[in-house]
1. Scan around GLY288 for amide H atoms under 5 Å from its own, H built in the peptide plane at 1.01 Å from N, and keep only partners 5 or more places away or cross-chain.
2. Under 12 Å Cα-Cα from LYS87, which aspartates and glutamates qualify once same-chain neighbours fewer than 8 residues away are excluded?
3. Under a point spin-label approximation (7 Å from Cα along Cα-to-Cβ), what is the PHE310-LYS186 distance to one decimal in nm?
4. Work out how far the C-alpha atoms of region 248-400 reach from end to end along every principal axis, then list the three figures in whole Å, largest first.
5. Using a Cα-Cα cut-off of under 24 Å, which lysines could be cross-linked to LYS522, ignoring same-chain neighbours fewer than 8 residues away?
6. Only helical DSSP H runs with n ≥ 4 go in: add -39500 (n - 2.57) per run for the chain, normalise by residue count and round the 222 nm mean residue ellipticity to 500 deg cm²/dmol.
7. May I ask you to work out the translational diffusion coefficient for region 441-542 at 25 °C, viscosity 0.890 mPa s, via Stokes-Einstein with Rh from the Kirkwood sum over Cα pairs, reported in whole µm²/s?
8. Strictly over 28 Å apart at the Cα level, which of LYS255/LYS289; LYS113/LYS255; LYS113/LYS174; LYS242/LYS299 would you flag in this model?
Amino acid sequence: MGNCCSDDSHGGVQAVGEAGAAVAGAASAVGAVGSNSADSAEAADHFLKSRGHFGLVSRIELSLSASNLLDRDVLSKSDPMAVVYAKRRDGTLEEIGRTEVVLNSLNPVWIAKIELTYHFELLQPLVFRLYDVDSQFHNVPEKTLKLDEQQFLGEASCFLSEVATKRSRSLTLKLEHGDHGKRSQKLGELTVRAEECFSSKMMSEIIFHCANLENKDFFSKSDPFLVISKTTEVGPPIPIYKTEVIKNDLNPTWKPVIINLQQVGSKDTPLNIECYNFNSNGKHDLIGKVVKSLEDLEKLHQHQHGEYLFLPSNTGPNHLNKILKGQLFVQKFSENKRQTFLDYIAGGCEMNFMVAIDFTASNGNPRLSDSLHYIDPSGRPNAYQRAILDVAEILQFYDTDKRFLAWGFGARPIDGPVSHCFNLNGSTHQPEVEGVQGIMAAYASALHNVSLAGPTLFGPVINTAAALAGQSLANNLQKYFVLLIITDGVITDLQETKDALVKASDLPLSILIVGVGGADFKEMEILDADKGERLVSTTGQVATRDIVQFVPMRDVQTGELSVVHALLAELPGQFMAFMQSRDIKPLH
């Protein structure tokens, strides 16, 4: 078995102070680095997520055109219309939208755009069906047309991320017969082009200041932070932004808040702006709130007026709100167009996917059915295989050559010492495998060629991944590396792992950890800074940003939230925080 190369000589530049509040589409603020406020800021960020804030969301417009369609008309050419569907997990189709009917054309270019929401962390399969609309229905609105009364011209399918990640933002698909019978004639091609909606790129930058806030602490002053939520017609408000926590201050001024128009909906959409006092136990006190739209906030800035905070009241006569002496001011309000995550990807920035698998003895004998590494003859994937498939099928679209680095750790190769980073495919020098199936084949092969051992060490694998990311950065390559670690147990080298993560936090690297089995994963949660303190190295250096996301598979496999959703929701925000901290612009 080949060993990973490890190079501790690489490293990043000095720590940056603010790791980037402007995450286009994700709007995830990161607290000041290297101070006590960082810990509380990330704990408050966990509070935001607990209220429903997840992942990168961006509005996409699809433009459709076709060529060389089959002619279904006798005296003229076909009159095509396109219908777009989202394919659900159970295989059923949900219609998203329809184009107009283009008369007498076998090479239509439709004007109507199909708008839908792009989610980075989800697979979003799309199905396109084309129909020749009979002349008797030409005056009927497209939305009311019965499709079974029209002639089928062909269908095509793809994933939304396949289109959105193309440098051309365009994908050409061959039309097939689908389930409408197999015939030999060619049906032509469909071209799908994706563009982010203008509202996803337009950003409002706001600096908030509060004066005379109520003190909620006994022995010091309040530690305030703001949570901004969009109101909805039904259901609770949707959180879209959280500021950093400012310690011991009743007259705080926060760092700029960046909100894109798409998140809000429109400039006149009411926003709940809530001011909380941070508490380390997660039970933050509501100091007060205001309800204002972006348009209202712009006027507050223009007129330099403050708005009094209030406390909502559900009791008393007429449910009157309690007006407070504290006021909210808008010190700055500006609007401009910003670069987005998809701008970087379409510009040519690659996400390089890497995976590391735990082969320690605590997983159990792979030949026995109770082992976490047991390969079921029926084809049912074990926990390791399921985690690989779920994550890789999303990230593969962001890695153009589809060649992935695959390692194992905690095992003894045949007639060799225990290795804490070996090439999964057995090669001495080449750890890359071809595609998702290459990872799966190398994993199955490794189970026959190593002896499970221990202990569980993360440091060597993380240092190897960090060395690659550091080399890429030194060569000015626009790449971002994502390491997936799948493990069943408690790590032995916790402090060494912290040191490796602190060092890697300056690099273009994110680390996803999936915990499988029933072990106690409390130490893993320490590595994920979502719930508390930023990591600190042995020498006292503080991580410049959170690069770890940990998910125990048992917590999500029975619910609606998938492992991949929980793991990948933060990744675009971590990506953008790195790019903005280095002032790296998208390639053209």
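1. CYS275
2. GLU95
3. With each label point 7 Å from Cα toward Cβ, the separation is 6.7 nm.
4. Its Cα atoms span 71, 45, 32 Å along the three principal axes.
5. Leaving aside lysines fewer than 8 places away in the same chain, those within reach of LYS522 are LYS49, LYS283, LYS498, LYS503, LYS531.
6. Result for the chain, helices only: -6000 deg cm²/dmol.
7. Reported coefficient: 163 µm²/s.
8. Beyond 28 Å: LYS113/LYS255.
The values are calculated or read from the model by the stated rules, or taken from the named source; none is laboratory data. These figures come from a predicted structure and were not determined experimentally. So basically every Cβ, Gly included, is an ideal-geometry build from the backbone, and we count neighbours across all protein chains shown. Calculation scope for accessible area: heavy atoms of the full protein, side chains included, ligands and nucleic acids excluded. Shrake-Rupley method; radii C 1.70, N 1.55, O 1.52, S 1.80 Å.
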